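Worksheet: one structure, shown below.
The values are calculated or read from the model by the stated rules, or taken from the named source; none is laboratory data. The structure displayed is predicted, hence computed values, not measured ones. FYI the Cβ positions are ideal-geometry reconstructions off the backbone, even for glycines, and counts take in every protein chain you see. Just so you know, the surface numbers come from the protein's heavy atoms only, side chains and all, with ligands and any DNA or RNA stripped out. Shrake-Rupley method; radii C 1.70, N 1.55, O 1.52, S 1.80 Å.
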Amino acid sequence: QVQLVESGGDLVQPGGSLRLSCAASGSNLIVYRMGWYRQPPGKEREFVAAITGGGVTNYANSVKGRFTVSRDNAKNMVYLQMNGVKPEDTAVYFCNAYWDNRNFWGQGTQVTVSS
């Protein structure tokens, strides 16, 4: 079992920056691919970024070059650095842990991009 708790969501102006954090607890977390997903208002949940225990990352095209995912395995933390945010980045952001068909989600944190 893995527990995930997100934090850092806020109201931010277009072009601004924000860092989301995800605190993970559980056993053998290094094997999990940790990811960020988001659900914009009235839309389906979508993939944003992910990172393996070894540090391999991948990103959705919509955030590539603007967002950076990272993890601190010693602290069991995952981060999403969001730069150059746009109104279309407005969504509830969810932390995800996936391994061997085991899928865990946090409760989500709201990010609103608006002037």
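Quick notes on this structure:
- Top-ranked residue of the range 51-92 - restricted to ones that are assigned to a helix (DSSP H, G or I) and either open to solvent by 50 Å² or more (accessible area, probe 1.4 Å) or in contact with a Lys or Arg (Cβ under 7 Å, 6 or more places away or on another chain) (or both), ranked as farthest from residue 13 (Cα to Cα): 88
- Among (1) within 11 Å of residue 95 (Cβ to Cβ); (2) free of Cβ contacts under 8 Å to residues at least 12 places away in the same chain - the single one residue 23 does not satisfy: (2)
- Of the criteria (1) in contact with a helix residue (DSSP H, G or I) (Cβ under 9 Å, 6 or more places away or on another chain); (2) hydrophobic (A, V, I, L, M, F, W, C); (3) modelled with pLDDT under 95, which one residue 30 fails: (1)
- In a residue-by-residue description of the range 17-25, the property of being surrounded by 15 or more Cβ atoms within 10 Å (Cβ to Cβ) and either part of a loop (DSSP other than H, G, I, E, B) or touching a His at 6+ places or on another chain (Cβ under 6 Å) (or both) applies to no position.
- Search result, residues across the range 50-80 that are of a type in the set (S, T, N, Q) and farther than 28 Å from residue 1 by Cβ: 61, 62, 68
- Positions within the range 1-29 being small (Gly, Ala, Ser) and more than 16 Å from residue 108 (Cβ to Cβ), in sequence order: 15, 16, 17, 25, 26, 27
- Test: residue in the range 27-48 that is open to solvent by 20 Å² or more (accessible area, probe 1.4 Å), among the aliphatic types (A, V, I, L, M) and under 14 Å from the mean Cα position of the chain (by Cα): no
- With respect to the conditions (1) closer than 15 Å to residue 95 by Cα; (2) surrounded by fewer than 13 Cβ atoms within 10 Å (Cβ to Cβ); (3) among the polar types (S, T, N, Q), residue 13 falls short on a single one, namely (1).
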